[in-house]
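Colleague: I'd like to ask you about the structure that follows.
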Amino acid sequence: MTAVLAIVPLALLALGTPVFLVFLAAVTLTLVFVLPIPPLALHQVMFGGLDHYALLAIPFFVFAGELMGASGIASRLIAWVLALVGRMPGSLGVATVGASTAMGAISGSSVAAVGALGKTLYPRLVEGGYGRERAAGLIASSGAVDIVIPPSIAMILYGLAAEQSIPRLFMAGILPGLLIASMISVFIVLMATVKGIPVVGRFDVRKALSATKDAVAALFMPVFVLGGIYNGWFSPTEAGGFACLYAMIVARFVYRSMSWGDIVQAAGNAAMLSARIMVIVAAASIATWLLTTQGVPQAIVTWIEALDMSPVMFLLVVNMVLLGIGCLLDPTTAILVLAPLLVPIAVSLGVDPVHFGIVMTVNLAIGMFTPPFGLNIFVAQSVTGLPAHAIYRGIVPFLAVLVTALLIITYVPALSLALAPAI
Amino acid sequence: MEAAVDTGRSGTRGGGGGASVTFAVRAKEAAHRVLGVALILVVGANVFNATGRYVLGYSFTGTDEFMVYTMIWVVMAGAVMSLASREHIGINLLPFYARGRLRHLLHCIHDLTALLACGYATYASVGFVTRIARLGTKSMGLGLPMTMPHAALLAGFAALTLVAGLLLMRSILALMRGEPHTEERS
């Protein structure tokens, strides 16, 4: 029976069954055939999984991201970064990373960023001599920054699953996110120099000022959101609400790019996407509750402790496992399943749970563009029209850069924790 | 944060059914708008409450409950709509590359899983909601009967079971007839 309980969910997952149904089916099998737990517990725990004020941050930031994409805020940010980088080797590639970072600081939606960047910058990158594969690889991989730079939905989920402060996690993500962006940028400049990619465009003060003026309303949003959280003006959930209000005002009255009907449409899209994420949260809550009541996390902690593993070795193993899992599972599922199991072990080995959250997030961010299942690959495929194997080839160099960044972030906890205690 | 999404949409076979398809599309658009308006209301309540708390030094009792309970209804309604359009998050590689009968077979497995798992969850929810209705429990902030938010899960799972049953019937029929799949690829 135990084997069935392990095999059925894995088989369902591999067959493409919706993730929330995989959890629900596993729990149903357990309650019907294995554990003498009244079925009422299923309803009660699932309701409890959704009955969290902090969880509202997810639809709020998703909505802010939808508004950003639909209102032209994203294209203004891209134009602004392009105007700033000017005449330097790899300027177009660096602009792609910069725009992705700026978009991540508003919404935290990797897919939205890859879609927007792909549409606007892919043709220009190809025209600029980057080659189709490399350009697609750059676009798919630069989206990874969005999950690490706050606000991050992955961090909200980790905070809830591991019972950690979401503001601390947000602050902890800033430097690692900037490190990733910087490392990709440096790699692009080196690559452009070595490969002799022609330098395009030139820095024009007037153009830069004009683009800055055009983008200032969009740029103020992350300052407002993160500044508000950092200074203790409001909680991440409240910040999400204000971000939506701010984006609505900018879209409707400043840029005048959206009607009220468009705003309702964007809200509907955000509600649907949030529902798909949050129903997994609810279903995962009953699955993790069952694991916890059966003492599974504690049993794993005891087992790991018996192995007498050092924190360094543990983090290395975690990185290898998470990189593997990140290629197969989406970040929502991976965090909801693994955080309750791994965090007690990390804590027992003296690893700060906030730092561990950043390590998990970076791993899963890399998984977003790692072949074969990384979602950003599918998005890049649909935007660029290239076959998957061509994008795989373009991704490989960026994968190496990101894994190097991951190792630095893993073994230099100060990078994550330097800003976190300030809350 | 996103994941692989199987966004195949049910197509239609020629003839007949045109009016019902139009009705279904309009109903979906209307439901989409309702969910959008609900989310905007929740955002409004959040901003209103936070402004009251920090600017006026006054907290509006029950706002948090209103937001959370509304969102629970939105989540369950969105889950039902996503199941109907096969847009739920999943590892979509196999469905993405599957063609013809194999794709119908995969959909049969998904639909059967949904039918059984959501059917059981409906049974669990009926028991729970009946019990709290008998006890007459009320929420602490708004004083709402707790059956109201809990009914979101009951209604949601019941609708998910119904939709799964309909999808399963359609998938089985398509599989038996050996129809080519008429669904878009994500």
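The values are calculated or read from the model by the stated rules, or taken from the named source; none is laboratory data. Model, not experiment: these values are computed from the prediction. Note: ideal-geometry Cβ built from the backbone for every residue, glycine included; neighbour counts use all protein chains shown.
Colleague: Which of the following residues is part of a loop (DSSP other than H, G, I, E, B) and of a type in the set (Gly, Ala, Ser): A:394, A:357, A:350?
Modeller: A:350
Colleague: Then there's this: Working carefully through the options A:76, A:168, find the one that is touching a Phe, Trp or Tyr at 6+ places or on another chain (Cβ under 8 Å) and among the basic types (Lys, Arg).
Modeller: Checking each option against the conditions leaves just A:76.
Colleague: Does residue A:74 satisfy being under 21 Å from residue A:189 (Cα atoms) and among the hydrophobic types (A, V, I, L, M, F, W, C)?
Modeller: Considered against the rule, which asks whether it is under 21 Å from residue A:189 (Cα atoms) and among the hydrophobic types (A, V, I, L, M, F, W, C), residue A:74 comes out as no.
Colleague: Can you name every residue in the stretch B:88-101 that is touching a residue at least 40 places away in the same chain (Cβ under 8 Å) and at the interface with chain A (Cβ under 7 Å from one of its Cβ atoms)?
Modeller: Matches in the stretch B:88-101: B:88, B:89, B:90, B:91, B:92, B:93, B:95.
Colleague: Moving on to the next point. With the checklist (1) hydrophobic (A, V, I, L, M, F, W, C); (2) farther than 24 Å from residue A:125 by Cα; (3) in contact (Cβ under 8 Å) with a residue 24 or more places away in the chain in hand, flag the one item residue A:338 doesn't pass.
Modeller: Here residue A:338 clears every test but (3).
Colleague: Additional query: Return yes or no: is residue A:304 in contact with a strand residue (DSSP E or B) (Cβ under 9 Å, 6 or more places away or on another chain), hydrophobic (A, V, I, L, M, F, W, C) and in a helix (DSSP H, G or I)?
Modeller: no
Colleague: Inside the stretch A:1-93, counting only helices (runs of 4 or more DSSP H) that do not spill past its ends, which hold 2 or more residues that are more than 28 Å from residue A:225 (Cβ to Cβ), facing chain B (nearest Cβ under 8 Å) and modelled with pLDDT of 90 or more?
Modeller: Because the criterion is at least 2 residues that are more than 28 Å from residue A:225 (Cβ to Cβ), facing chain B (nearest Cβ under 8 Å) and modelled with pLDDT of 90 or more, the helices (runs of 4 or more DSSP H) in the stretch A:1-93 that meet it are A:19-29, A:40-50.
Colleague: Follow-up. Considering only the stretch A:196-215, I want to know if a residue exists there that is more than 30 Å from residue A:52 (Cα to Cα), among the polar types (S, T, N, Q) and in a helix (DSSP H, G or I).
Modeller: Checked the stretch A:196-215: at least one residue is more than 30 Å from residue A:52 (Cα to Cα), among the polar types (S, T, N, Q) and in a helix (DSSP H, G or I).
Colleague: A follow-up question, please. So if I check each of A:323, A:291, which one is modelled with pLDDT under 90, closer than 21 Å to residue A:21 by Cα and either among the basic types (Lys, Arg) or part of a helix (DSSP H, G or I) (or both)?
Modeller: A:291
Colleague: Taking the stretch B:43-87, which residues are free of Cβ contacts under 8 Å to residues at least 24 places away in the same chain and among the polar types (S, T, N, Q)?
Modeller: Residues satisfying the conditions are B:46, B:49, B:51, B:59, B:82.
Colleague: Would you tally the residues in the stretch B:117-143 being out of contact with any helix residue (DSSP H, G or I) (no Cβ under 7 Å at 6 or more places or on another chain) and of a type in the set (A, V, I, L, M)?
Modeller: 2
Colleague: For the stretch B:37-71, name all the residues that are outside any helix (DSSP H, G or I) and crowded, with 17+ Cβ neighbours inside 10 Å.
Modeller: B:62 - this is the single residue of the stretch B:37-71 that is outside any helix (DSSP H, G or I) and crowded, with 17+ Cβ neighbours inside 10 Å.
Colleague: Here are some conditions: (1) more than 12 Å from chain B (Cβ to nearest Cβ); (2) surrounded by fewer than 24 Cβ atoms within 10 Å (Cβ to Cβ). Residue A:325 meets all but one. Which one does it not meet?
Modeller: Status for residue A:325: all satisfied but (1).
Colleague: Here is a further query. Could you grab me the full set of residues in the stretch B:120-141 that are in contact (Cβ under 8 Å) with a residue 12 or more places away in the chain and surrounded by fewer than 18 Cβ atoms within 10 Å (Cβ to Cβ)?
Modeller: B:126, B:133, B:139, B:140, B:141
Colleague: Sticking with this structure for a sec: From A:374, A:324, which residue is of a type in the set (Gly, Ala, Ser) and touching a residue at least 60 places away in the same chain (Cβ under 8 Å)?
Modeller: A:374
Colleague: Please pick out the residue among A:271, A:247 that is among the small types (Gly, Ala, Ser), farther than 30 Å from residue A:410 by Cβ, within 9 Å of chain B (Cβ to nearest Cβ) and buried (at least 23 other Cβ atoms within 10 Å of the Cβ).
Modeller: Testing whether each residue is among the small types (Gly, Ala, Ser), farther than 30 Å from residue A:410 by Cβ, within 9 Å of chain B (Cβ to nearest Cβ) and buried (at least 23 other Cβ atoms within 10 Å of the Cβ) leaves just A:271.
Colleague: Then there's this: If you scan the stretch A:250-268, which residues turn out to be crowded, with 22+ Cβ neighbours inside 10 Å and either within 11 Å of chain B (Cβ to nearest Cβ) or at pLDDT 95 or above (or both)?
Modeller: Once the filter is applied, which keeps residues that are crowded, with 22+ Cβ neighbours inside 10 Å and either within 11 Å of chain B (Cβ to nearest Cβ) or at pLDDT 95 or above (or both), the stretch A:250-268 yields A:263, A:266, A:267, A:268.
Colleague: Of the residues that sit in the stretch A:360-379 and are modelled with pLDDT under 85 and assigned to a helix (DSSP H, G or I), which one is nearest to residue B:91 (Cα to Cα)?
Modeller: A:375
Colleague: Could you list, in sequence order, the residues of the stretch A:299-309 that are surrounded by fewer than 14 Cβ atoms within 10 Å (Cβ to Cβ) and in contact (Cβ under 8 Å) with a residue 24 or more places away in the chain?
Modeller: Scanning the stretch A:299-309 gives a single hit, A:305.
Colleague: Counting just the residues of the stretch B:142-174 that are of a type in the set (Gly, Ala, Ser) and within 11 Å of another protein chain (Cβ to nearest Cβ), which one comes out surrounded by the fewest Cβ atoms within 10 Å (Cβ to Cβ)?
Modeller: Among them, the one singled out is B:151.
Colleague: A further question follows. Which is more than 10 Å from every other protein chain (Cβ to nearest Cβ), surrounded by fewer than 14 Cβ atoms within 10 Å (Cβ to Cβ) and in a helix (DSSP H, G or I), of A:224, A:220?
Modeller: One residue alone meets the criteria, A:220.
Colleague: Here's something else I'd like to know. Answer with yes or no whether residue A:115 is under 30 Å from residue A:267 (Cβ atoms), small (Gly, Ala, Ser) and surrounded by fewer than 24 Cβ atoms within 10 Å (Cβ to Cβ).
Modeller: Yes.
Colleague: Something else now. Suppose we filter the stretch B:102-127 for residues that are under 11 Å from residue B:157 (Cβ atoms) and facing another protein chain (nearest Cβ under 8 Å); how many remain?
Modeller: So the answer is 8.
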